[in-house]
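The values are calculated or read from the model by the stated rules, or taken from the named source; none is laboratory data. This one's a predicted model, so the numbers in the text were calculated from it and none came from an experiment. No Cβ is skipped: glycine too gets one built from the backbone with ideal geometry, and neighbour counts run over all protein chains shown. Keep in mind that these areas ignore ligands, DNA and RNA; they rest on the heavy atoms of the full protein, side chains included. Shrake-Rupley method; radii C 1.70, N 1.55, O 1.52, S 1.80 Å.
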Amino acid sequence: MYDVIIVGGGPAGLTAGIYCGRAGLAVLVLEGGAFGGQMTLSSEIENYPAFPQGISGEELSSLMRGQAERLGAELRREKAKTIDLKTKTVVTRKGEYRAKNIILAMGASPRPLGVPGENELRGAGVSYCAVCDGGFFKNKTVAVIGGGDTAVHDCEYLSRICEKVYLIHRRDRLRGGEGALKRVTLPNVEILWNTRVAEFVGENGALTGLRLEGGGTLPVSAAFVAVGTSPNTGAVEGQLELQNGYVPANERMETAIPGVYAVGDLRVKELRQIVTAASDGAVAAACITGCEK
Ligand code: NAP
């Protein structure tokens, strides 16, 4: 029996682990993928305080992970198959864990574009992580789809290793406005405004191009989809009321179920950033340690 089980080892979960561990609680952090979560997909993080030169997502993840372990959190690389919020029981392939409190920190995952060919060509030219897969397309022509910060980041990153990068955006303005536009104004980046992809086209099981709405096919070796993220809340669906798939919680990160907290990107909130995820984790842990006294 743990005091706290944290499901998810991104910045929210790891920070909750740091605070719970430091407070002397028996705390388990479960992570099915890589500790650090979405952070690990960023080649450079420029806006996390105290790293004025920027820091790679891998490095920041590793620092947070090490800190949580040093302060007493138990970290296990196990995916939560089921989470019973009433009995506070989490089942993984390796075992069943129980706790007095559960912190939901499963974060969010890249959203698919939802057009034909996407599932078939996923991993064969269609990717959701430029930092992970960009290296396979050195000196090739690739496309990034989206107009938010992820698309801008991916575009900048790929422009350094690919021959040409098309940035395909459905509107005539990037979410980050002029600042974002400046970052992608590069000699080998061409922006296709007001353009939508209708189909991922492949030959012999590999992506060869993008059919665009309104006609025409753009030949590319890879397409990086950056059209936002969806919350990883499938495991708690039906147990909690969700808003568009996100978990509502109050300022103390408490959900509608006593002893169940929601932190980070899966929570209903305005700003989903590493620093706000970390903040959520600290608040939930402080609430639990306050309650423990
Ligand atoms: P996002 O801000 O939600 O942007 C998604 C983009 O995809 C938007 O431009 C949107 O177009 C477009 N889009 C959505 N659905 C689409 C569809 N069906 N077809 C075509 N285009 C579609 O997502 P994000 O860029 O992943 O960013 C998520 C959060 O992480 C944001 O808060 C962002 O600031 C943050 N982030 C920060 C950094 C950093 O370094 N600080 C890096 C990456 C992400 P519209 O603009 O027309 O809606």
Legend entry - Reciprocal mean inverse distance between Cα atoms of the range 190-262 - Kirkwood radius, Å: 16.0 Å
Legend entry - the chain, accessible surface, carbon-and-sulfur percent (1.4 angstrom probe): 47 percent
Legend entry - ASN188-CYS132 FRET efficiency (beta carbon distance; Förster radius 35 Å; 0.05 resolution): 0.95
Inset, instruction - Find the centroid of the Cα atoms in the range 177-191 and in the range 9-72, then give the distance between the two in whole Å. - result: 31 Å
Legend entry - Lys, Arg +1 and Asp, Glu -1 on Cβ, resulting dipole of the range 112-225 about Cα centre, debye, nearest 20: 260 debye
Inset, instruction - Could you give me the percent of Cα pairs per 10 Å distance bin for the range 224-293, shortest bin first, beginning at zero and ending with the bin that holds the maximum distance? - result: 20, 49, 26, 5, 1
Legend entry - Rounded D (µm²/s) - the range 64-181, Kirkwood Rh over Cα pairs, Stokes-Einstein at 10 °C, 1.306 mPa s: 89 µm²/s
Legend entry - Mean accessible surface per residue for the chain, computed with a 1.4 Å probe while every protein chain stays in place, in Å²: 49 Å²
Legend entry - Dipole of the range 112-225, positive end: most advanced residue of LEU212, LEU181, VAL142 [Cβ charges, Cα centre]: LEU181
Inset, instruction - Considering only THR255, THR82, THR40, give the residue with the highest GNM mean-square fluctuation for the chain, with springs between Cα atoms whenever their separation is below 10 Å. - result: THR82
Inset, instruction - Report the calculated FRET efficiency for VAL268 and ASN139 (r = Cβ-Cβ distance, R0 = 51 Å), to the nearest 0.05. - result: 0.75
Inset, instruction - Evaluate the distance, in nm, between pseudo-label points positioned 7 Å from the Cα of ILE161 and of GLU58 along their respective Cα→Cβ axes. - result: 1.0 nm
Inset, instruction - Using only the Cα atoms, work out Rg/Rh for the range 169-293, with Rh taken as the Kirkwood radius, to two decimals. - result: 1.14
Inset, instruction - Please work out the FRET efficiency for the pair LYS100 and GLU74, using the Cβ-Cβ distance as r and a Förster radius of 25 Å; give the result to the nearest 0.05. - result: 0.95
Inset, instruction - Please give the calculated 222 nm ellipticity per residue for the chain, where each DSSP H segment of at least 4 residues contributes -39500 (n - 2.57) and the sum is spread over every residue; nearest 500 deg cm²/dmol? - result: -7500 deg cm²/dmol
Legend entry - the range 112-225 - Kirkwood radius from inverse mean 1/r over Cα pairs (Å): 13.7 Å
Inset, instruction - Specify whether the C-alpha gyration tensor of the range 1-128 places it in the rounded, prolate or oblate class, a ≥ b ≥ c being the square roots of the eigenvalues: rounded for a/c under 1.5, otherwise prolate if a/b is larger than b/c and oblate if not. - result: oblate
Legend entry - For the chain, Kirkwood radius (reciprocal of mean inverse C-alpha pair distance, Å): 20.1 Å
Inset, instruction - Work through the residues other than ARG93 whose Cβ is under 15 Å from its Cβ and net out their charges, Lys, Arg +1 and Asp, Glu -1. - result: +2
Legend entry - the range 178-221, Rg to Rh (Cα coordinates; Rh as Kirkwood inverse mean 1/r): 1.08
